[in-house]
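So the structure is just underneath, and the comments pick up after that.
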Amino acid sequence: MKREIEIKFRVADLRALGRRLRAAGFRLLTPRTHELNTLYDLPGEVLRGRKELLRIRKYGSAWTLTHKSKGKVGRHSNRVELETGVADGKKMDLVLRALGYSPSFRYEKFRAEWTDRKGQVVVDETPIGNFCEIEGAPLWIDATAKKLDVSRADYITKNYAGLFLEWKARTKIRADEMTFKAVANRKPSGRNS
């Protein structure tokens with residue numbers, strides 16, 4: 001089974017990050033592409049309670065179904081990830097609903113993928129800011145982060161749902177999902193809507 005070992009960090013300047021990636025020997029594998037993710041859960045948030053994730057992702061025109069198990073969190077996020085391509089994500093949604101799952105959270109971003117053939121770096125433009133993920137072997141992650149001028153203090157091991165909840169608490173924005181439309185159309189709580 002594949003293990004997903006990664007860290008995220010916040011990106012202040014996308015162009016500067018692109019220059020650092022090229023200087024570090026990375027090449028652009030997939031240019032900026034829209035991605036929409038829907039997480040599913042059972043009534044009572046069974047998967048969330050077990051710290052598991054079930055997701056349908058549409059990346060460009062490709063669909064995937066992913067399950068991530070409860071992971072180990074240390075300096076890096078480390079989880080078992082099972083993923084497979086899906087011919088029709090809308091039909092897969094109907095299958096999951098028929099099995100008792102329902103959508104629990106949606107998030108979107110624009111993602112670009114980079115590689116040096118040893119691991120993968122992805123650059124995500126999200127409604128709550130820009131992030132970069134470094135995924136690969138732990139020593140390679142740390143070496144790559146150093147090449148990109150990212151310190152261990154900047155490592156983030158939370159997933160996007162967790163980052164969104166933190167962002168909502170900090171900004172008081174009442175959006176229910178991390179989509180560009182939902183975030184843009186909501187006002188902070190305590191103000192007239």
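The values are calculated or read from the model by the stated rules, or taken from the named source; none is laboratory data. From a predicted model like this one, the values you see are computed outputs, not experimental measurements. So basically every Cβ, Gly included, is an ideal-geometry build from the backbone, and we count neighbours across all protein chains shown. Protein only, heavy atoms only, side chains kept; ligands, DNA and RNA dropped before computing areas. Shrake-Rupley method; radii C 1.70, N 1.55, O 1.52, S 1.80 Å.
Observations, loosely collected:
- A single entry from A182, A145 fulfils the requirement of being modelled with pLDDT of 95 or more and either in contact with a Gly (Cβ under 7 Å, 6 or more places away or on another chain) or part of a helix (DSSP H, G or I) (or both): A145.
- Scanning segment 64-77 for residues that are buried (at least 16 other Cβ atoms within 10 Å of the Cβ), out of contact with any Pro (no Cβ under 7 Å at 6 or more places or on another chain) and farther than 15 Å from L39 by Cβ yields G71, S77.
- Exactly one residue among A12, A16 is within 16 Å of A145 (Cβ to Cβ), loosely packed, with under 13 Cβ neighbours inside 10 Å and touching a residue at least 24 places away in the same chain (Cβ under 8 Å), and that residue is A12.
- Residue, most open to solvent (accessible area, probe 1.4 Å), within segment 100-142, restricted to residues that are part of a loop (DSSP other than H, G, I, E, B) and farther than 18 Å from K158 by Cβ: R117
- Restricting attention to segment 21-46 and to residues that are open to solvent by 80 Å² or more (accessible area, probe 1.4 Å) and of a type in the set (D, E, K, R), the residue that is farthest from the chain's Cα centre (by Cα) turns out to be R22.
- Residue check for K70: in a strand (DSSP E or B) and of a type in the set (D, E, K, R): no
- G49 meets all of the listed conditions (1) under 22 Å from M92 (Cα atoms); (2) surrounded by fewer than 16 Cβ atoms within 10 Å (Cβ to Cβ); (3) not charged (D, E, K, R) but one, namely (1).
- Residue in segment 87-99 that is open to solvent by 20 Å² or more (accessible area, probe 1.4 Å) and of a type in the set (G, A, S) present: yes
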